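Notes follow the structure.
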């Protein structure tokens, strides 16, 4: 993975010094609350319900053991002993002290981590497919491009005070595990008719309020034009995006207002006009970056029978929590952060330390965070799987539920977040209690349950097969249910609301009724999403809102 | 006497805005964009130096044939949240090859100066009362940068740079 050189390290160190000065000026009363807010957000610091929340950037979800150990140390020394993986592959700490954040950032800088641009109205962490580099369906590894974009976006002088936040995702595979269609900009590596690899460019996707699927504005962009084209998009957005209303300031609103065709025209016009002054593709620099992502040195192995003679529990884990690797004899392994007793995405300092050790032992010293709030070991020898499974069981990271209903996405919600209308973590507990049989979950197949505590949609509810959104009704927590959302590949879609919101205590019951309708109508091994698309919302609606005695 | 930062030094402003007291000995006047547009012909023949002050929504392309006459463009910022001025500055330097004085004015603060300078601003008029000697240190916040930038002469600097 990418290693800082002197330039990268200087920038991060100087950023810490700058932020230390800003914090001191704020504490001394020389910076107003408002002015400091904008500055601290750009370093990942929110003021939350109980305490500040610090978000650490994990570029495209890639970590080294030393970095994971440092996250553990921060969790232990500056937080309450745990951290939380977000859906954008970052790590969040919920209890740091505002005045100590410069010290935390200084520690993180020693292992090439930072909080730069993890919040605020600027270009956020660039995300990628968590299976990048090992996926069998991949055209090209997106991560060198992510790093190339990361550097360009970091402290970009022209685009650091945008109308609103700006998220870019890059994927090299048609399955789109990076949810790029619901990003401000989605970049898909693809081949043109001449066989050259470039990018399909989508603009204007997004979740939160008014969720939208992005529009293709360039079918094929030569690689060398990537930064120039991104600058054209950003410049159009910076000048034309709305700044009068925070809820209408994302680029998706601009694209909707003027239409995708007009957006394409404006961007192409700007791209053409700037061709002599836009960033020039620096091939040598790109090759320097790319070398850090060269394929790992793998042993020459054959695929083997891993499961014969092994316990059923292990076989389930193998089936659900591991994925095919493009090199024979290896698998990619998910460490589930969705055990029934764990708030989704949470991990303790001790577990982080153990994960770092295990990554060194079993995954060529690499750790990844995923969009689904799990951890991934991308390079595990098949012959090591059983031993790794046994180790993971000891630290509660082997729940064999990846891709099932209980592998749910969940934001921190009203327990932590100042924005939330409602809590989301207790829902996870409620649902885990109701769906406590793994065999039943396996029978149900792939179901993506995504829950957000408010419209901002950090839990990606709009693209959940089942989405749950916390709303506030006269000070009470209610939840709106949507069905049929998806981020996957070319069939990305937004969920449809099934009807009136349900009360907090009824959420698990509602989901169970939805599942009953699915089971009743399901054809063979059909996925929930496909059944929903075939039969529509009506049968679900009829059962969900039926009186208790008629619901069965 | 208004002080400002010009090319990393604190100086006394030679310019006056159109709504201020009569033009001094320097005869250097900054007009609002709308007034320049409306009275362009008569001001062109005036014998003093001319500048134009633009707001975030003013179409700067309208000025592209005026830079032989306009020696200063003042770009208005309404606060930290207002980011259009950065693109306006970048466009003035790169697209319209404006080589005169490019001034950031309005609610600007120390923490923006590094970004502004890299977009091509060379003069910074901070709100009254701001400590300019402290603000001067902002230009040294970072010794490195990942992007190209436009310096005062409009020269495009290579990306991924270390400051001299």
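Report the rotationally averaged projected area of the stretch A:312-394 based on its alpha-carbon convex hull, in square nanometres.
Mean projected area of the Cα convex hull: 5.4 nm².
Taking the number of other C-beta atoms within 10 Å as the exposure measure, put A:399, A:87 in order starting with the fewest.
A:87, A:399
Of B:62, B:21, B:140, which has the largest mean-square fluctuation in a 10 Å C-alpha GNM of chain B?
Of B:62, B:21, B:140, the most mobile in the Gaussian network model is B:21.
Quick one: compute the contact order of the stretch A:410-455, relative version, from alpha carbon pairs under 8 angstrom and 6+ residues apart, as a percent.
Across the stretch A:410-455, relative contact order equals 50 percent.
Roughly how many nanometres apart are two label points built 7 Å out from the Cα toward the Cβ at residue A:34 and residue A:341?
Modelled inter-label distance: 4.9 nm.
How many Cβ atoms of partner chains, on average, are near each residue of A:145-158 if near means within 10 Å of its Cβ?
5
Gain in length, residue A:219 to residue A:192, computed as 0.36 nm per residue apart minus the alpha-carbon separation, to one decimal in nm?
Here the answer is 8.8 nm.
Which percent, nearest 5, of DSSP beta bridges in the protein assembly as shown are antiparallel?
If we restrict to bridges inside the protein assembly as shown, about 65 percent are antiparallel.
Please arrange A:82, A:4, A:229 by how many other C-beta atoms lie within 10 Å of their C-beta, fewest to most.
Ascending number of Cβ neighbours within 10 Å: A:4, A:82, A:229.
Could you work out how far helix B:84-94 tilts from the main Cα principal axis of chain B, as a 0 to 90 degree angle to the nearest 10?
Taking Cα atoms only, the helix is inclined about 90 degrees.
Taking every Cα atom in the stretch A:410-550, find the radius of gyration and the maximum pairwise distance Dmax, and write them in Å.
Values for the stretch A:410-550 (Cα only, Rg and Dmax): 14.4, 44 Å.
Ignoring everything except DSSP H segments at least 4 long, calculate the 222 nm mean residue ellipticity for the protein assembly as shown; use -39,500 (n - 2.57) per segment, divide by total residues, nearest 500.
So the helix-based figure for the protein assembly as shown works out to -9500 deg cm²/dmol.
Below 8 Å between Cα atoms, with a sequence gap of 6+, how large is the relative contact order for chain A in percent?
Relative contact order comes out at 12 percent.
Within 10 Å of each Cβ of A:237-243, how many other protein chain Cβ atoms are there on average?
4
Under the definition of partner shielding as Cβ atoms of other protein chains within 10 Å of a residue Cβ, what is the mean value for peptide B:75-86?
That average works out to 5.
What list do you get for B:20, B:128 if you sort them by fewest beta carbons within 10 Å?
Listing B:20, B:128 from fewest to most nearby Cβ atoms yields B:128, B:20.
Kirkwood Rh over alpha-carbon pairs of the protein assembly as shown, then Stokes-Einstein at 4 °C and 1.567 mPa s: what D in µm² s⁻¹, rounded to an integer?
48
How would you rank B:2-13, A:522-533, A:56-67, B:94-105, highest first, on the average number of other Cβ atoms within 10 Å across their residues?
A:56-67, B:94-105, A:522-533, B:2-13
Under 1.5 on a/c is rounded, so check that first for the stretch B:3-139, then, if it is not, pick prolate when a/b is larger than b/c and oblate when it is not; a ≥ b ≥ c are the square roots of the alpha carbon gyration tensor eigenvalues.
Oblate, because a/c is 1.5 or more while a/b does not exceed b/c.
I'd like the distance separating the alpha-carbon centroids of the stretch A:429-456 and the stretch A:192-271, in whole Å.
Cα centres, the stretch A:429-456 to the stretch A:192-271: 34 Å.
Below 8 Å, C-alpha to C-alpha, sequence gap of six or more: please give me the relative contact order for the stretch A:122-228 in percent.
About 22 percent, as a whole number.
Label the stretch A:275-432 by shape, choosing from rounded, prolate and oblate, from the square roots a ≥ b ≥ c of the eigenvalues of the Cα gyration tensor; if a/c is under 1.5 it is rounded, and otherwise prolate applies when a/b is larger than b/c, oblate when it is not.
oblate
If packing is taken as the average count of other Cβ atoms within 10 Å, what order do B:111-122, A:494-505 fall into, highest mean first?
B:111-122, A:494-505
FYI, it's all coordinate maths here, none of it is from the lab. For clarity, every value in this text was computed on a predicted model and none was experimentally measured. No Cβ is skipped: glycine too gets one built from the backbone with ideal geometry, and neighbour counts run over all protein chains shown.
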